[in-house]
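Reading through the structure tokens given below for one structure.
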Amino acid sequence: MSPESAPQPNCEPAGAKPGPAETGVGETAHRRVNLSSALPSPHGRSRAAWIPIFLAVALGFVYVWLFGVNVISGDEWDRLFLFEHQAAGTLTFSDLWSLHNEHRTFFPELTVLGLGLATKYNTIVEMYCSVLLLAAVLAMYIYVYVKDFPGRSALWLLAPAAFLTMSWKQAETLLLGLLIVFVMVQAASIAVFFCLRLVRDRNWLAPLAGALALAVVASFSCAQGLLAWPAGLVQIFLLAINRRLKIALSLAWMVIGCGVWLTYFHGYVKPAHHPGFIFSPAYLLASVGGALVGGSGSHSRMPVLAALVLGAEILLLAALAVALVIRRRQWHRYSFWLATMVYSLLTILSITIGRSGLGVHQALSSRYSTFAISLVAATYVILISLAREHPASRLWRFQGVLIGLLLLVVGLGDVAGYLSGSRGREVRQYLAFVVSTIEDQPDEVYNPGYLDSLRSKAAFLKRQGDNVFAKGGIAEKYAPLSDTLPRLSDPTQFKIDGFQEIDDHKAYSVTGWAVDSVHGDLAGGVYLVLDGKEYPLYYGAPRPEVATRLQNEGLLHCGFQRLLPAKVVAPGRHEVSLKVLTNDRQALLNTGGGMAMDIK
């Protein structure tokens with residue numbers, strides 16, 4: 001027997017995995033195995049790799065903490081009837097099932113109703129729930145990435161995707177409680193693809209049942225949830241399972257999916273106020289690029305041009321990622337990410353068809369960016385993973401540029417999100433003031449019938465003690481002052497700019513500023529006394545020129561303002577004075593006596 005044919009002693013430890021030659025994978029796989037084993041993964045470094053992940057999630061909560069305001073706004077007023085019916089004991093299934101624009105939001109409505117009843121309709125709780133759902137999406141990304149591409153040190157590469165998923169670019173989504181519908185449908189759809197990824201030849205029933213249940217939740221959370229069915233079907237075709245099982249699962253998926261679609265559209269009526277179905281390539285590109293570009297609500301051309309360019313680049317990179325996966329015949333391994341890409345593209349396409357008539361600027365709306373972000377994240381993960389698996393390829397050199405660019409645009413998007421959140425906070429704080437003082441708000445400057453409806457809904461909230469009228473809520477800042485409040489002798493600084501006519505004597509606007517000079521801080525509140533009647537003023541408007549003159553940046557938001565009905569500010573002479581509270585609202589500051597003002 002020759003030495004070559006003689007049996008060799010087995011020097012491998014028990015349970016050792018076969019080498020590249022035994023598996024027939026080849027030299028490329030051999031290099032990949034060596035690379036993974038060469039990557040450092042001491043426990044300290046493994047734990048450190050989680051720091052940017054946790055930081056990204058923490059920033060989501062910080063965003064809501066900074067800019068969240070507990071007030072109902074926008075479309076949330078239209079859904080208040082759910083709470084009214086519940087309080088009256090007349091809530092029915094049809095109330096929850098009814099269309100909201102083109103959406104059936106059954107599961108989000110249940111969630112919002114449950115949270116509202118438990119928290120006195122504190123909309124900030126809904127905002128934090130949106131952050132938690134985005135964190136759940138990120139958790140699924142991390143799980144799939146780590147399972148498919150072992151080596152803890154590689155978790156660092158997922159940091160840009162983490163910051164992208166929790167991006168402040170999603171300002172409206174994070175700061176409007178009702179828009180939890182978009183986060184719920186996104187989380188449920190991603191969870192569908194997560195469950196389908198777990199399907200195996202001998203373990204398919206539980207993952208399939210989970211995927212079906214989550215697809216139903218997605219479908220009846222928002223219209224875009226219906227698109228989880230075709231995207232899920234694509235993923236089933238990509239799975240590495242027995243052909244017969246694949247056919248059976250595909251048929252079951254299609255049959256149940258068709259049933260859900262038919263149920264959804266039974267009795268469907270297209271909203272009359274929505275534009276017709278139009279496809280605009282520019283709107284599509286801007287929607288994709290809008291995931292990374294600020295400028296929501298702006299009619300400047302620069303954000304739109306930037307979104308168009310970025311949108312084209314993202315789609316080209318997505319096409320490159322898909323082409324490389326197909327070329328390397330690894331669609332089984334990347335089925336989760338490919339399904340996520342398909343779903344994201346389908347949702348963006350559906351939004352494009354339904355909203356193109358509103359103009360390309362609307363494509364940058366931050367409420368839609370959540371859908372496009374998943375496309376960018378999936379594309380990034382595929383390209384980075386392929387580069388890590390094939391270090392000899394050009395992708396390895398390209399990954400540094402990709403990571404740097406993604407972090408740069410995410411940072412720019414966060415800056416835009418910060419500015420949007422700051423502006424939105426001021427708008428919603430003033431809205432909370434209007435709701436809190438609704439009885440004294442002038443009818444003439446609002447749309448006909450709007451204020452009557454708002455008064456009725458605000459009265460319901462007040463009776464229930466909900467939202468701004470809850471204990472410790474914003475309405476307490478504008479409640480009538482107690483006659484027993486002490487008055488300090490030291491004078492404070494303030495100024496009434498005057499009364500400005502609005503809409504041809506329909507109303508008057510009063511503005512000015514005041515500070516707590518005794519404590520060198522902002523005032524705790526300001527009240528106008530006009531001809532003996534007390535009117536709370538909105539306090540917190542920015543007055544940078546005052547902060548500069550007083551050399552105290554902490555006094556930036558020392559401005560006050562409000563609208564007064566024309567009937568109480570008739571032309572002529574009026575007695576005017578201010579009541580300014582100390583910062584802790586425990587005493588009145590000395591503002592001197594009243595003054596006579598002539599109003600024209």
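Restricting to the stretch 62-78, name every residue that is surrounded by fewer than 16 Cβ atoms within 10 Å (Cβ to Cβ) and either at positive phi or in contact (Cβ under 8 Å) with a residue 40 or more places away in the chain (or both).
Scanning the stretch 62-78 gives Leu66, Gly74, Asp75.
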Filter the stretch 472-504 down to the residues that are among the charged types (D, E, K, R), at pLDDT 90 or above and assigned by TED's automatic domain parsing to the domain that holds Gly572 and list them by number.
Arg487, Lys495, Asp497
Scan the stretch 300-323 and report the pairs whose first residue is farther than 18 Å from Phe371 by Cβ and outside the structural domain of Ser366 (by TED's automatic domain parsing) and whose second residue is among the small types (Gly, Ala, Ser) and surrounded by fewer than 15 Cβ atoms within 10 Å (Cβ to Cβ), with Cβ atoms within less than 8 Å and a gap of 6+ or a chain change.
none
Given the criterion under 12 Å from the mean Cα position of the chain (by Cα) and surrounded by fewer than 24 Cβ atoms within 10 Å (Cβ to Cβ), identify the matching residue among Ala171, Ala135, Ala159, Ala154.
Ala135
Answer yes if at least one residue in the stretch 500-518 is over 19 Å from Pro565 (Cα atoms) and among the polar types (S, T, N, Q), and no otherwise.
yes
From the options Thr90, Thr105, Thr123, residue that is surrounded by fewer than 18 Cβ atoms within 10 Å (Cβ to Cβ) and of a type in the set (Val, Ile, Thr)
Thr90
If Lys533 meets every condition in (1) more than 19 Å from Glu476 (Cα to Cα); (2) more than 37 Å from the chain's Cα centre (by Cα); (3) not aromatic (Phe, Trp, Tyr) apart from one, which number is that one?
(1)
Arg367 being under 16 Å from the mean Cα position of the chain (by Cα) and either farther than 20 Å from Val144 by Cα or surrounded by 21 or more Cβ atoms within 10 Å (Cβ to Cβ) (or both):
yes
So Lys567 clears everything in (1) under 37 Å from the mean Cα position of the chain (by Cα); (2) at pLDDT below 90 except one condition, right? Which one?
(1)
Please go through the stretch 75-86 and give me each residue that is farther than 23 Å from Gly225 by Cβ and either outside the structural domain of Gly177 (by TED's automatic domain parsing) or charged (D, E, K, R) (or both), ordered by number.
Glu84
Residue among Thr582, Thr591 that is farther than 17 Å from Tyr508 by Cα, touching a Phe, Trp or Tyr at 6+ places or on another chain (Cβ under 7 Å), of a type in the set (S, T, N, Q) and surrounded by 15 or more Cβ atoms within 10 Å (Cβ to Cβ):
Thr591
Is at least one residue of the stretch 308-315 closer than 20 Å to Trp331 by Cβ, modelled with pLDDT of 90 or more and of a type outside the set (D, E, K, R)?
yes
Exactly one condition in (1) in a helix (DSSP H, G or I); (2) surrounded by fewer than 20 Cβ atoms within 10 Å (Cβ to Cβ); (3) not acidic (Asp, Glu) is false for Ile373; which is it?
(2)
Return the pairs, sorted by first residue and then second, in which the second residue is buried (at least 16 other Cβ atoms within 10 Å of the Cβ) and in a strand (DSSP E or B), the first residue lies in the stretch 571-600 and is assigned by TED's automatic domain parsing to the domain that holds Gln561 and of a type in the set (Phe, Trp, Tyr), the beta carbons are less than 8 Å apart, and the residues are 6+ apart or on different chains.
none
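Please tell me if Phe460 is farther than 30 Å from Asn122 by Cβ, surrounded by 12 or more Cβ atoms within 10 Å (Cβ to Cβ) and of a type in the set (Phe, Trp, Tyr).
no
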Since Ser221 meets every condition but one in (1) part of a helix (DSSP H, G or I); (2) in contact (Cβ under 8 Å) with a residue 12 or more places away in the chain; (3) within 30 Å of the chain's Cα centre (by Cα), which condition does it not meet?
(1)
Are there any pairs with C-beta distances below 7 angstrom linking a residue in the stretch 225-238 that is farther than 18 Å from Tyr264 by Cα to a residue that is at pLDDT below 95 and outside any helix (DSSP H, G or I), with the two at least 6 apart or on different chains, and if so which?
Leu238/Trp331; Leu238/His332
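Assigned to a helix (DSSP H, G or I) and surrounded by 17 or more Cβ atoms within 10 Å (Cβ to Cβ): is that true of Gly411 in this structure? I'd like the intermediate steps shown before the answer.
Working: assigned to a helix (DSSP H, G or I): yes; surrounded by 17 or more Cβ atoms within 10 Å (Cβ to Cβ): no.
Answer is no for this residue.
The values are calculated or read from the model by the stated rules, or taken from the named source; none is laboratory data. Here the structure is a predicted model, which means the values were calculated and not measured. All Cβ positions, glycine included, derive from the backbone under ideal geometry; neighbour counts span all protein chains shown.
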